[in-house]
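The structure under discussion appears below in the form of structure tokens.
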Amino acid sequence: MTLLDIQNLDITLSLPNGPLHVVRDVSLSLAKGEALGIVGESGSGKSMTALALMRLLPRSASCTAARMAFDGQDLPALDGPAFTAAIPGPKIGMIFQEPMTSLNPVYTIGRQMTEAAVARGLLSVPEARQKAVALLDRVGIPDPQDRMAQYPHQLSGGQRQRVMIAMTLMLDPDLLIADEPTTALDVTVQAQILDLLDDLRRERQMGLILISHDLAVVAQRTDRVAVMYMGELVEQGSAQDVLFEPRHDYTKALLAAIPRLDGPPRHAGDSAATDEVIAARDVTRRFTSRKGLFGPKRETLALDGVSLSVKRGETLALIGESGSGKSTLARILLGLDQPDAGEVRMLDRPVADLAPTDRAAFVQPVFQDPYTSLNPRRRLAEIIARPLVLRDEGDRASRLAAVEEAMERVRLPARLLHAYPSQLSGGQRQRVAIARALVTRPQALICDEPTSALDVSVQAQILDLLDELRRDMGLTCLLVTHDMAVVHEVADRIAVMYRGRIVEEGSAEAVLSNPSNDYTARLLAAAPRFGETAEDRQVAR
Amino acid sequence: MSTTDTTLPPVTAERRMTPAEMFRQRMFGHRGFLLGAGLMLLIVLIAIFAPLLAPHDPFTQTLSARMLPPVWSEGGNWDYILGTDQNGRDYLSRLIYGTRVSITIGLGAATVGMLIGVTLGVLAGYFGGWIDHGISFLLTAQLALPGLLLAMALVFIIGPSIWVVIGIVGVLHWTYYLVVTRAATQRIRSQDFVAAAAASGATSRQIIWHEILPNLLSQIIVIFTFELGIAILAESSLSFLGVGIQPPTPSWGLMIAEGKQAMFYRPWLVILPGICLFLLVIGANLMGDGLRDITSPEGRNE
């Protein structure tokens, strides 16, 4: 029987420059105990659809639907208080993307978990506590009894997301909406959370709507998949059909854009060069923090005797989870941070001896988040030309020529020369960041998660671009990432970092097909993958 | 994966506005800001064209026409529209010239405070560590001082003049700038475009001037308008207490002080400068409020 039935949903946002139709004519339905995946890029309206169901749309949005029914009950007919009392919580539970901000930092886990059930008068305080402990245990939180008295900051991101899930289960909802539940988490944790959601759904005969930009993730865990693009539902069908027999062009493009882990790595160690251009020897970095002016010192060892060398012309991928120290190492290699012990050599000279502008001429960074890596107050022409200005290179005309050339290289239209970053999309911004890095014609790039803030299809374009530039300009590339599939696409060699140490290093082929370290094997196993070969299809069916 | 570029239609069909366009649109849609800015503009124009607007010389004493009431009261006449004061000087002309003093001191003191506060705030936010601790201590010390008392004592010791008043009011009003710019600098400093500039070999000075200060501009403008109102009130308080602007210079605070002996039978001597002060300060505050709404939070162009 149908649990959820949405017909012809329209959502319009009123923006200063006119109305924007974020969702157009979307119809969805879900049976009891069924899992539906909604896939789409950022801005495709997938989150808006879920928010409309929970009446959590932003104030500037208006929403109309021919029919919106949950369990036979007409939702628009309910007034505010009646809706709040009946639907969110006991009927529909929701998990959000960012576990770091979705729990209230000033209340204990126990209080937050029991609050809703007690306030609704469903359970007494001791009963609610008992249930909360049982649920925490179920979602895999160790020592649930002790955790009840802890605050969110004492838990890791994955644990917080588990707490969020347990919290929504406190009211036994019939439908669980998970809006990008794992995007902010590490790969190994991501697999665990998705497995947990899958198990819970089967166990409780609960409906599940899994919203994600990652088609691979969704297809593995759901019965049916709906693909959204620019506010419209372009394709809907069983997970197998959508995955293996996509009908709409967009779905095909989306599938083609997903980096794959199967087959041999694209760059099978084809670089024969051996001279090291960037080398780190026994680099150690400690961070000391103090609570207040006179508080006790706390030390964290971010890098523990790391040695790494990048050879001319190769792409070295540095893989690790958040907190493994990979970004700290990248910052030290860029000269943005000094190591406490050890040495970084660049072109066979200690990096400390190089003048900042000389170092900049040799190596340039590309950062993770294109939304913060461009100065919002400057026009593109100024942003891209800035490294040249800092090096006091050329005059106005020659700089403009260099900027135009760099923009052409990264395929940015020249009309954007005088645009501000706020007028660009995420992918365009990342192209600007790459153009800025290339304008001084460096020999090496250090890319810190250059695609993890971008949509899959944009990610493919940026990776292709980096690959092409690497070939054309003979760039040496250090790619910091957590995504095994990206590594598989572009890397010659791989170094795996875990808790401030390099645990494995070798050619891409060797590491990906035959990991010698436990942690690498776990990382590989956790990476979402789906095959497209005939064999895989047989197995899937 | 190399075939994806061609098959995807462009995601952004609508034209996005430039930050300047967005700013203009929000500005003209904000009633409070328009009212405040209009009021400020009017008062600044009056200050600039005071010699043309004033019907009499503000310093000429006509002893035969002392303490005349305004034109709408009994005994008032059109020669002296707002009446005269104890020394027979035209009140309207004195009020018009008074705007010059208030605007000069407001702008001057707010600028002095801005130079101190923004410099310290950016340094504390950018360098952190002991510099931050030191500057934060300075802030705590400043906040612990009784402002008006200190200003009175300082003016009394140094000797009152318009420049001394500007300096002292400014030196005592930098805390708000510091708090806001320090927090904003800390936030901006951790963003990747600062790291990108550093990786391109920019020095701290270049980063502060080119990357950080432009992003602080909107906050600084907002605080400046607020401080403008506060500085004008501070000057009036000092003048009222006799340690600010010295007679015969027409200052609204001083005029209120001079009129207070006659307050009960010539209330207009106190009420009129009071109204002027009120209009100027409310104009500054409305403008500051409006600017804050226009520039933040989601309007901030990032």
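Looking at segment A:25-138, the helices (runs of 4 or more DSSP H) lying wholly inside it that each contain 1 or more residues that are of a type in the set (G, A, S), surrounded by 15 or more Cβ atoms within 10 Å (Cβ to Cβ) and not assigned by TED's automatic domain parsing to the domain that holds A:G231 sit at A:46-53. Counting just the residues of segment B:48-58 that are among the hydrophobic types (A, V, I, L, M, F, W, C) and surrounded by 15 or more Cβ atoms within 10 Å (Cβ to Cβ), which one comes out nearest to the chain's Cα centre (by Cα)? The extreme case among them is B:A50. Residue count for segment B:269-300 satisfying the condition of being more than 23 Å from B:G229 (Cα to Cα) and at pLDDT 80 or above: 0.
Considering the conditions (1) farther than 23 Å from A:A31 by Cβ; (2) touching a helix residue (DSSP H, G or I) at 6+ places or on another chain (Cβ under 8 Å); (3) within 14 Å of chain B (Cβ to nearest Cβ); (4) modelled with pLDDT under 85, A:V189 is excluded by exactly one of them, (3). Taken over segment B:186-229, the criterion of being free of Cβ contacts under 8 Å to residues at least 60 places away in the same chain and within 30 Å of B:T99 (Cβ to Cβ) is satisfied by B:L217 alone.
With respect to A:G335, determine if the residue is within 14 Å of another protein chain (Cβ to nearest Cβ) and at positive phi. Yes.
Of the helices (runs of 4 or more DSSP H) lying entirely inside segment A:467-528, those containing at least 3 residues that are closer than 17 Å to A:E321 by Cβ, modelled with pLDDT under 85 and not charged (D, E, K, R) are A:484-490, A:518-526. Would you please name the residue that is nearest to A:D369 (Cα to Cα), looking only at residues in segment A:431-445 that are within 11 Å of another protein chain (Cβ to nearest Cβ) and out of contact with any Lys or Arg (no Cβ under 9 Å at 6 or more places or on another chain)? Among those that are within 11 Å of another protein chain (Cβ to nearest Cβ) and out of contact with any Lys or Arg (no Cβ under 9 Å at 6 or more places or on another chain), it is A:A433.
Could you look through segment A:179-196, keep only residues that are surrounded by fewer than 21 Cβ atoms within 10 Å (Cβ to Cβ) and among the hydroxyl-bearing types (S, T, Y), and pick out the one that is farthest from A:A526 (Cα to Cα)? Among them, the one singled out is A:T183. A single member of A:L329, A:L318, A:L308 is modelled with pLDDT of 85 or more, in contact with a Lys or Arg (Cβ under 7 Å, 6 or more places away or on another chain), away from every other protein chain (no Cβ under 14 Å) and closer than 28 Å to A:V439 by Cα, and it is A:L318.
The set of residues in segment A:1-24 being in a strand (DSSP E or B) and within 14 Å of chain B (Cβ to nearest Cβ) consists of A:T12, A:L13, A:S14, A:L15, A:G18, A:P19, A:L20, A:H21, A:V22, A:R24.
I'd like to verify a number: residues in segment B:244-265 that are buried (at least 21 other Cβ atoms within 10 Å of the Cβ) and assigned to a loop (DSSP other than H, G, I, E, B), how many? So the count comes out to 4. Could you list, in sequence order, the residues of segment B:208-233 that are more than 20 Å from the chain's Cα centre (by Cα) and more than 10 Å from every other protein chain (Cβ to nearest Cβ)? B:I208, B:W209 - these are the residues of segment B:208-233 that are more than 20 Å from the chain's Cα centre (by Cα) and more than 10 Å from every other protein chain (Cβ to nearest Cβ). In summary, A:D174 fulfils each of the numbered conditions (1) in contact (Cβ under 8 Å) with a residue 12 or more places away in the chain; (2) closer than 19 Å to A:V217 by Cα; (3) in contact with a Lys or Arg (Cβ under 9 Å, 6 or more places away or on another chain) with the single exception of condition (2). Taking segment B:125-203 and the helices (runs of 4 or more DSSP H) fully enclosed by it, the elements with 2 or more residues that are within 14 Å of chain A (Cβ to nearest Cβ) and surrounded by fewer than 21 Cβ atoms within 10 Å (Cβ to Cβ) are at B:129-144, B:175-189. Of the residues that make up segment B:278-297, is at least one in a helix (DSSP H, G or I), farther than 30 Å from A:R429 by Cα, free of Cβ contacts under 8 Å to residues at least 60 places away in the same chain and of a type outside the set (A, V, I, L, M, F, W, C)? No. When A:R415, A:R386 are screened for being under 20 Å from B:I212 (Cα atoms) and not assigned by TED's automatic domain parsing to the domain that holds A:T288, only A:R386 passes. Yes or no: A:L479 away from chain B (no Cβ under 14 Å) and closer than 18 Å to A:A527 by Cβ? So A:L479 fits the description; yes.
Where helices (runs of 4 or more DSSP H) fall entirely within segment A:338-418, those with at least 1 residues that are within 14 Å of chain B (Cβ to nearest Cβ), surrounded by fewer than 22 Cβ atoms within 10 Å (Cβ to Cβ) and in contact with a strand residue (DSSP E or B) (Cβ under 9 Å, 6 or more places away or on another chain) are at A:356-362. Of the residues making up segment A:207-257, those that are surrounded by fewer than 19 Cβ atoms within 10 Å (Cβ to Cβ), of a type in the set (D, E, K, R) and part of a helix (DSSP H, G or I) number 3.
The values are calculated or read from the model by the stated rules, or taken from the named source; none is laboratory data. Source: prediction; values computed, not measured. Virtual Cβ from ideal backbone geometry, glycine too; neighbours counted across all protein chains shown.
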